[in-house]
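The values are calculated or read from the model by the stated rules, or taken from the named source; none is laboratory data. These numbers were taken from a predicted model, which means no experiment stands behind them. We place every Cβ from the backbone using ideal geometry, glycine too, and count neighbours over all the protein chains shown. Accessible surface is based on the protein model in full, side chains and every heavy atom, while ligands, DNA and RNA are left aside. Shrake-Rupley method; radii C 1.70, N 1.55, O 1.52, S 1.80 Å.
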Amino acid sequence: MAGTVGTSRQQHLGVSGVGTARARNNRRTSVSSECGSLQQDASFVPPVFEKSPDVLVQLDKIRGNLLFSELDDNQWSVVKNAMRPIQFALGSYIIKQGDEGDYFYVVETGRCDIYVHPTKKVFSGEGDLEIGEFKTSIGPEKSFGELALMYNQPRAATVQAGTDCVLWAVDRRTFRSIVMHSTNAKRNLYKNMLRRVEILSKLTENERDRIADAVKPVKFHAGDVIIREGDNSSKMTMNFYMIEEGEVACTKAGQAPEEAKRLGSGDYFGEIALLTDSPRQATVTALTEVRCVTIDRDCFNRLFGPLLEVLSTRMAMYNLPNQPPPPAATTAAATATATSPTASTTSVSIP
């Protein structure tokens, strides 16, 4: 079954000039024919699908999506204008495992079911083979399809319409020109920040890439307590933070406010949480509006596993009192250390 957007649906969405899913499928081009560069193409003019003011406001709800969250207002406007709604009927295949990626999708309404088959290619021509094992379902404001667009790789899963649904679609070239340019700039920023994290300084470029792709943006308001002295993994997930913008204060119980250690853009704290099971030994509070990126121990462990044992040998530089042996790779972590990139490699004594 093919997905289409009927005239009445176009009017309801406040969108003009919307193509059909058939036209979408006919526009497929070879991945090898596209420029592999992540740089913006100066000659490229992104498509514009006119939308009502109400629809533009509605689309702003998905700006929090990780791939869009770091776009500036102009970039977001380009992506938003290039989005087109495509309707899929119950049972329609939206993407097929093994196919080339052509669109990135955000769900507006309905449910999409995701299946993964152990073979690379599960469809041959028009004939459907096994779609594989059901993995999960996603609904409104959730997205899929970005990996095939980011990495020039075949679709890694099959997505089928679990109900009648409407998706917002961004074409491959617009995605790469706007979204990937921003994403790549952020990745390089995060990699440079990671190079300054002493216990991670021996990671390879590939390993830094993996962390840079896994970190998540988070914002704090002035006065927010980001981590609290004494917290441990039995109470919450322990995270490592890198500061993009803003300023925080690191304090210990009984310490005078003027003695607080201040950290700003490019600094980091909580890296020991990736490796140990000790309680937080300092409180970190936002002094201004703060933007950080963060990764928790569980995610770090999934990425690196046994590498934690190698990194734990670098813990001696922190000279933590009564530090227990590094836990097994599956143990949650805790303590926070604050270190400034402009300071020496000597640890600040607020783990």
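Once you have the Cα-Cα distance between R63 and S201, take 0.36 nm times their residue separation minus that, and quote the gain in nm to one decimal.
That works out to 46.4 nm of additional length.
How far apart, in nm, are two points set 7 Å out from the Cα along the Cα-to-Cβ line at D298 and at A156?
Label-label distance for D298 and A156, simple model: 1.9 nm.
Per-residue counts of other Cβ atoms within 10 Å, averaged by peptide: what ranking do you get for 262-275, 95-108, highest first?
So the order, starting with the most tightly packed, is 262-275, 95-108.
Could you please state how large a percent of the accessible area of the range 153-265 is carbon and sulfur, counting protein chains only and using a 1.4 Å probe?
46 percent
Ordered by residue, what ³J(HN,Hα) values in Hz, to whole numbers, does the range 50-62 give under the Karplus form 6.51 cos²θ - 1.76 cosθ + 1.60, where θ = phi - 60° and Gly and Pro are x?
4, 9, 6, x, 5, 5, 4, 5, 4, 5, 4, 5, 9
Ordering K252, K191 from largest to smallest accessible area (1.4 angstrom probe), what's the sequence?
K252, K191
Taking the Cα-to-Cβ direction at V225 and at L147 and moving 7 Å from each Cα, how far apart do the two end points lie in nm?
The answer from the label model is 3.9 nm.
Would you list K142, K51 from the most to the least accessible area, probe 1.4 Å?
Result, largest first: K142, K51.
For the range 189-293, with every protein chain kept in place, what is the accessible area per residue (1.4 Å probe, Å²)?
Counting only protein heavy atoms, the per-residue value for the range 189-293 is 44 Å².
So which of K202/K252; K61/K191; K61/K219; K186/K261; K142/K191 end up more than 19 Å apart, counting from Cα to Cα?
Among K202/K252; K61/K191; K61/K219; K186/K261; K142/K191, the Cα-Cα distance tops 19 Å for K202/K252; K61/K191; K186/K261; K142/K191.
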